[in-house]
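The values are calculated or read from the model by the stated rules, or taken from the named source; none is laboratory data. Remember, predicted model here, so these are calculated numbers, not experimental data. When we count neighbours, we look across all protein chains shown, and the Cβ atoms used for this are built from the backbone with ideal geometry, even at glycine. Please note that ligands, DNA and RNA were not included when accessible areas were found on the heavy atoms of the full protein model with its side chains. Shrake-Rupley method; radii C 1.70, N 1.55, O 1.52, S 1.80 Å.
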Amino acid sequence: MEAKKSIEALQFFVTGLTEGALVHKMQGQIFKSQGFAKLGEKYINHFNEEMGWVEKFVERMLDLGGNVKFDGAKARDLICDPVEYIKADLEIQKAGVDLLYKCCETLINDPTTYDIMKAYLADEEEDFYWSEGTLEMIEKIGKQNWLFTQL
């Protein structure tokens, strides 16, 4: 097992996921303030779930003897239109899932980290399919009808 490779991969995802989680939290707050309570709660809960993954990644890094660092977050625009946000998030998710598949291939010699990342990949795929399905639903029933379901 190459602990260094695992630690680098985990640190990469700790940084990116922390940033993404914070954005989800703020987006959830924006949607709740607009009256879309269900959508707001979905993204706030998503924040909590993602921070749980960050915790698992950090624990594994420490188990491997790695040093955890906080690289900070890049500036990202928040999107007030819920549908436009889901579209933008879907693009990020698509790239993230592809990256996770590649990352998992490199971790095969570290079964513990591989299992953690594989479980995280399954979770991210579920989020991707939710966004994709939601956009399909919006296309079928219309934006206003869908927004009504998020009150």
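Points to keep in mind about this one:
- Criterion (farther than 30 Å from M1 by Cβ and assigned to a helix (DSSP H, G or I)) met by exactly one of L147, L121: L147
- Y114 surrounded by 15 or more Cβ atoms within 10 Å (Cβ to Cβ) and without any contact (Cβ under 8 Å) to a residue 24 or more places away in the chain: yes
- Restricting attention to the stretch 49-93, the residues that are touching a residue at least 60 places away in the same chain (Cβ under 8 Å) and touching a Gly at 6+ places or on another chain (Cβ under 8 Å) total 1.
- Candidate set from the stretch 133-151 (those that are open to solvent by less than 70 Å² (accessible area, probe 1.4 Å) and in contact (Cβ under 8 Å) with a residue 40 or more places away in the chain); member that is farthest from N45 (Cα to Cα): I138
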